Amino acid sequence: MIRPVALLLDFGGVIVETTRRPSWAAELAAEVHGLLRRAGFDGLTAEEVESDIRAGARADKYWKDSTSRRFAPEEMTHREFWADYVAGDWPEQARTLVTAEATPLCRRMGELRSGRKLRPGMEELLEACWANGVTPAVVSNALCGAVHRDFMTTAGLDRQVAVQVYSDEVGVRKPNPEMIWIACRALGADPAQVWYVGDNYDRDVVCGARAGAGATVLMVSGSTEKIPYRVRQSPQATVEDPRGLLTLLEETWT
């Protein structure tokens, strides 16, 4: 394991633990239904809106699994998600309205869908990185990166990372190696000098290998074993949590 000049961290599963909120679709549907009603459209019930939101989210999951087989997948836009995955069969007025409001709706969906809790040891990890000349950064797929940025700010960690790279903001998604290369260019670092840390095989381990990262580290999370298909690439190391990652880093500092 090389001594890295930068540590690139996935968001969900690495920086935070996420818990799905069972009521998220009903809450979002009520807000979307209210938006439609204020625009004078009453052709859909809140229950129908919720059903289509859930269907869109399920289709999006299948799409994400399939795109991780591609070498350089692009990210779905907010407009595509709402226009095609949720509102594809809606009347024109309703479809046009949610397409126009797609970005704030994706942000609201991200806020409602999951609860987020900082993984124990993350603050100590980031502090240790700065103290030992390792620059931390975030590289993560996201429906709406703004939600992740809000969390980082609220947790007081936005100034503990040098750059945050989110797929919806840059237009590509892991395992596209460009995600890691964008962060490396922003930091002025050679990919061979960085560690990339993620919690999924098909997105993260593959992305690190394709990008030529100096090391790819798998951090175990609740989604690690939810593998849509096996991949050939393997991580250079596996850790249980941020404290385990810090121990691994400390071995390169001595």
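The values are calculated or read from the model by the stated rules, or taken from the named source; none is laboratory data. Everything numeric here is computed off the predicted structure, so don't read it as measured data. Note that we place each Cβ from the backbone using ideal geometry, even for glycine, and neighbour counts take in every protein chain shown. These area figures cover heavy atoms from the full protein model, side chains too; ligands, DNA and RNA do not enter into them. Shrake-Rupley method; radii C 1.70, N 1.55, O 1.52, S 1.80 Å.
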| query | In square angstrom, what is the accessible area per residue of the chain with a 1.4 angstrom probe? | reply | 46
| note | Spelling it out for Gln164: with amide H atoms placed in the peptide plane at 1.01 Å from N, the residues 5 or more places away or on another chain with amide H under 5 Å from its amide H are Val138
| query | Once you put a point 7 Å from the Cα of Ala100 and another 7 Å from the Cα of Asp84, both along the Cβ direction, what distance in nm separates them? | reply | 2.2
| Nonlocal amide H pairs with Arg21, under 5 Å, H built at 1.01 Å | Ser114, Gly115
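Expressed in nm to one decimal, what extension gain is obtained for the pair Ala162 and Arg70 from 0.36 nm per residue of sequence separation less their Cα-Cα distance? Each step should come with its number before you reach the end.
Working: separation 92, 0.36 × 92 = 33.12 nm, distance 2.88 nm.
Extending this stretch completely gives an extra 30.2 nm.
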| request: Tell me which residues come under 5 Å, amide H to amide H, from Gly12 once H is placed; ignore anything under 5 positions away on its chain. | output: none
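Starting from the Cα-Cα distance between Glu240 and Ala30, subtract it from 0.36 nm times their residue separation and give me the gain in nm to one decimal. Don't skip to the end; give the middle numbers.
On the way: separation 210, 0.36 × 210 = 75.60 nm, distance 3.87 nm.
The span from Glu240 to Ala30 would gain 71.7 nm if fully extended.
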| Efficiency by 1/(1 + (r/R0)^6): what FRET value for Ser114 and Thr254, r their Cβ-Cβ distance, R0 = 30 Å, to the nearest 0.05? | 0.20
| On the first, second and third principal axes, largest extent first, how far apart are the outermost C-alpha atoms of the range 144-251 in Å? | 34, 30, 29
| said: Along each principal axis of its Cα atoms, how long is the chain end to end? Whole angstroms, biggest number first, please. | reply: 66, 35, 31
| query | Tell me, in nm to one decimal, what length is gained between Thr247 and Ala39 on full extension, where the rule is 0.36 nm per residue of separation less the Cα-Cα distance? | reply | 69.3 nm
| task | Between Gly56, Gly34, Gly12, find the one with the highest GNM mean-square fluctuation for the chain; connect C-alpha pairs within less than 10 Å. | result | Gly34
| said: Angle check, please: helix 46-67 long axis (alpha carbons) against the longest principal axis of the chain (alpha carbons), in degrees 0 to 90, nearest 10. | reply: 40
| Long-range Cα-Cα pairs in the range 43-188 (distance over 22 Å), rounded percent | 49
| note | FRET efficiency (Ala46, Glu225; Cβ distance; R0 41 Å; to 0.05) is 0.70
| note | Of Arg116, Arg58, Arg230, the most mobile residue in a GNM of the chain (C-alpha springs, cutoff 10 Å) is Arg230
| said: I need the phi-derived Karplus couplings for the range 160-167: 6.51 cos²θ - 1.76 cosθ + 1.60, θ = phi - 60°, integer Hz, Gly and Pro marked x. | reply: 9, 10, 7, 7, 10, 10, 10, 4
| said: In whole percent, and with a 1.4 Å probe on the protein chains, what portion of the accessible area of the range 116-199 is carbon and sulfur? | reply: 48
| task | Using the Karplus curve 6.51 cos²θ - 1.76 cosθ + 1.60 with θ = phi - 60°, work out ³J(HN,Hα) for each residue of the range 90-96 in order, rounded to whole Hz, and write x for Gly and Pro. | result | 7, x, 3, 4, 5, 5, 5
| task | Take the solvent-accessible surface of the protein heavy atoms, probe 1.4 Å, and return the percent of it on the range 14-78 that carbon and sulfur atoms account for. | result | 49
